[in-house]
Structure formats: C-alpha cells, structure tokens
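The values are calculated or read from the model by the stated rules, or taken from the named source; none is laboratory data. Everything numeric in this text was worked out from a predicted model, so none of it was measured. Here the Cβ positions follow ideal geometry from the backbone for every residue, glycine too, while neighbour counts run over all protein chains shown. Note: areas computed on protein heavy atoms with side chains; ligands, DNA, RNA excluded. Shrake-Rupley method; radii C 1.70, N 1.55, O 1.52, S 1.80 Å.
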Amino acid sequence: MNYLLNKSNNEWTPSPLEKGGMRLVWSYFILLLFISSCTTQKVTSQTNTSPTVKPKEEKTGEVFQEEKKQDDLPLGPDTFDIGLILPFYLDSVSRLPDSVEVNYFDQSTLAIEFYNGVKMALNQLSSFGFNARLHVYDDMNDKERVKKIAQLPVFKKLDLLLGPVYNNNLRLMAESAKRDSVFMVSPLSPAMNITNQNPYYIMVNPSIEVHCKKLFAHAIHRYNGNNILLFTRPGSAVEEQYASLFRTFLNEYHAETGDTSVQFTEVRFLPKDEGGDDLTSVDEALAKNFSSDGYNIVIVPSVDKAYIHSIARKLYAFIEPPKEIEDAPKFAINILGLPAWGDQEGMRLDYAQKLNVHFTSSSFIAPDFYSPANPFYKSYVDSFHAEPSEYAIKGYDLMLFFGNLLVKYGAQVDSMLYVEQFNGIHTKFRFGIHPAELNSPNPIDGSPAIPVTDFIENKYVRLLKYEGYEVKEVE
C-alpha cells in the first residue's frame, strides 16, 4: 500500500486502492504506525508472512516515511478516521539484523492476527464504497505509550477506536475517549470496572453479569419444575458476588411474573483441600438436597477451574457411584456453568458428558468453518498462509460490523448501535446499555431513577454443551 506524509500536518495521505476506490492508511506487520518516546523508524513494505526487517533508525519529531512518495491526494468528506491500538511489541522486531527472517513472536501473535482480520474486513468494505484512514499504533501494553497516543492531534478526530486490549491501558484510553467524545471499542476484555458513566465505551465481550443472566434464563425456561440448586463457595468474595446475581435475577423474576414457585436451593460446597467437611459429610449434605425424581439442575457461578473440577469429580460420583459401594444413590444431574467449563484441556470429557455440562461462551466457531469451502477461510489462508485464529476472526467481525455502521449512518452510529444486529463468525452483536447504579428515585415526582449509561455492552452470549466428546451450540 502506498501512502504519503503530509508535511503540513504530519499525517499520512494514502493513495486509493485499485478496487472500490477505498483510501486506507494501513500496513502489513512491519508497516505499523509506531509510537516510542517520540522516536520513529523507517521500514520497507513486505508482503510475505516472514518479512525481512530493516534495522531501527533513530529519528525524532516525525512519523516514519514510506521510501517512495507520491503527490498528496484529497480525501472526501465521507472518509472516516479509525484508530487501532494493539500490543505488537515492534521494538523487539526492529532490533533484528537485515538478514533475519522474522517469525511471529508469541507476545505479538494476538496483535498480528487481530490486525490481519481487520485488514480482511477493510478489503471487503471497499466494495461498498467505504473510505477510511486507518491509524495503527503499537502500545506494547505500556501505559506511557497510551498516554502519548491520546495526546496526538489525530486522536480527537477519530470516528472509531478499536483497542487497546489490556485492562490498564483500556482504563487510561477510556477516559481520553470520554473526554474527546471518541467511540472506543474494547475488543477482548469483559471487565466491568474499566470506566463509569461513559457512553462512548463499547464492550464487545459481555460482562459476567450477561453470562449469569443467560444461565438463569435457560434454567427457568428449560428446567422449570425440576430441582434447581445454586452452588456457593464460602469465603470467596468474587463468587459470592456472582451468586448474588442469581438471587437478584430470581427476585426480579418473581416480581415480574408473580410466579414464586420457582426457587433455588443453595448448597454450600467447599472442597476438603480448602478446609471443607470430610467426604462423608459432604456426600450426606449433597444427597439431602438432590432429588431422585427428575433432573437436578446445578448452577455453578464460578470461574475457578480447580474448584469446578472438584465439583465435577464430586457430582460424577452421584451419577456413577463406585462399584464397591452397595445401594449408592444415583441421580440425574445437569450442570450449568460459566466459560471456565469450556476448558477442554483441564476437563475430563467423560465427566462433562455424564454431567450434561452446559456453559456460556462469548465466542464459538463451528468446526465446519475450517474448510476450503468457506470463502473467508480460503481467502485468509491464501493471503497469510495460515489458518485464521480466533483473534483474526474477532478482528474481522468487529471491523465489518462497525465499518458497515459508519457506511450506513455516519455520525449517527451511536444511536443506531442498539438497532443494528449482526451475526458474525464467532458471535452475534446485540448491543445495549449497562446502566449505572442509581439508588435514589427521581426527586421531582418520586418515580424510579432514570438509568444512566455506564457503558455499552454486547448482550449476547452463546450457550454450549458437551455432546459426543465435542462442544456444540445449544441455542
């Protein structure tokens, strides 16, 4: 891609792509706009997946330059400025000698693959007349770099910002985006404590609250009439917070429907290695709360893998009692859990099968996606000589969705974000507000307080289950 530096404002002016007339400022791997203590580097465009890196040149006060320059080209009023902040760690790459062929470093893989997905989406958007300047920054997961990016003149002009990906840098950039009214998309983090009362912060990965609500809704609508148990973990403040969400959902359900017959039986479960009761007393306590008539629906609001594996081992003994124990009770059990249950490396699949484990996930890519018959898969492999990772797919989905929003609505993208729905490869986008907590009613008439947007989040999660030693989508 040929692009030019406008000396008057220190910004790049790119030449148009041959297809679709799209104007973009982008590069492949090494051609990334790189902020590093006001130093810059001069690099040469590469097209293979293992580019040769030019040694770093120390310069100050300007952005790195393309070796071949062309005349500046005017950009139309419908050209959008999009920022992309990812942890490429290019300092490590730029120090290598000319003769070294650079393979993807582990710490750079996430950024490179995500960027590749964004690049694929921009190519596709060009056919719809999408004109954009893509400003790419390497934050190296460093807070000082993020501060410098937020101070750049171009930052205030961004129509959309994707990234950063790590929480500390997200917090800093979210405040800058709020100050300058820049729509900022958090592509990976589901953390709820990044910012507050910030209508410009968009969280793609749903919060734990959305996951818990999905499990609650499935338990109520699918298993109403069965014995529903909520496992709690004494002494864990985090998991007590998760458990309290289910209590809140249940109270809201009672208030909205008037159906108070639906109840949870709370079971305090603490493994022996955490100071819990001996195995015999635990067995007796669980047996008292389990029903031999119908299913026992066990909700486990925990993301601690060791803890959920302890529960799986314990409950498995109620389905397949040891042969040495005569007349041991047997129960039908279904487990509903959070994404940690999807860790197949740590989960025994025979346990997951027998316990009919269902779990939520913010991302799921069907096995049939990885086929040359899939146009996106084939195009990605042809372009990058590697299979698209989950990060590449997420970058593609995000850029395609928000790019289409900009094409259709331009400056009205914020109001239409809640209207537009998108079925991507790895998930669906169903955005809504996450309201700030307001404890006082409206002082004028005493009516309930009007919710204030804390941030915007995707309200969609998938429900998956183990079946035939595979993971499949339930709904």
For this session: Exactly one condition in (1) within 20 Å of N356 (Cβ to Cβ); (2) at pLDDT 80 or above is not met by K288; state its number.
Result: (1)
For this session: Name the helices (runs of 4 or more DSSP H) wholly inside the stretch 358-475 in which the number of residues that are closer than 29 Å to G337 by Cα, among the aliphatic types (A, V, I, L, M) and at pLDDT 95 or above is 2 or more.
Result: 390-409
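In contact (Cβ under 8 Å) with a residue 60 or more places away in the chain, surrounded by fewer than 18 Cβ atoms within 10 Å (Cβ to Cβ) and small (G, A, S) - does that describe any residue in the stretch 332-341?
Applying the first criterion (in contact (Cβ under 8 Å) with a residue 60 or more places away in the chain) to the stretch 332-341 yields 334, 336-339.
From what is left, the residues that are surrounded by fewer than 18 Cβ atoms within 10 Å (Cβ to Cβ) are none.
Checking the stretch 332-341: not a single residue is in contact (Cβ under 8 Å) with a residue 60 or more places away in the chain, surrounded by fewer than 18 Cβ atoms within 10 Å (Cβ to Cβ) and small (G, A, S).
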Exercise. Of all residues in the stretch 350-378, how many are open to solvent by 50 Å² or more (accessible area, probe 1.4 Å) and touching a residue at least 60 places away in the same chain (Cβ under 8 Å)?
Worked result: 2
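For residues that are charged (D, E, K, R) and in a loop (DSSP other than H, G, I, E, B), scanning just the stretch 127-154, find the one that is nearest to P87 (Cα to Cα). Steps first, answer last, please.
Our first condition is that a residue be charged (D, E, K, R); within the stretch 127-154, this holds for 133, 138-139, 142-145, 147-148.
Filter again for in a loop (DSSP other than H, G, I, E, B), leaving 139, 142.
Working: D139: 5, D142: 9 Å.
Looking at residues that are charged (D, E, K, R) and in a loop (DSSP other than H, G, I, E, B), I get D139.
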Exercise. Can you pull out the residues in the stretch 121-136 that are open to solvent by 10 Å² or more (accessible area, probe 1.4 Å) and either at pLDDT 95 or above or within 14 Å of G163 (Cα to Cα) (or both)?
Worked result: H135
Exercise. Regarding Y307, is this residue open to solvent by 30 Å² or more (accessible area, probe 1.4 Å), part of a helix (DSSP H, G or I) and in contact with a strand residue (DSSP E or B) (Cβ under 9 Å, 6 or more places away or on another chain)?
Worked result: no
For this session: With the checklist (1) touching an Asp or Glu at 6+ places or on another chain (Cβ under 9 Å); (2) modelled with pLDDT of 95 or more; (3) in a helix (DSSP H, G or I) in hand, flag the one item I82 doesn't pass.
Result: (3)
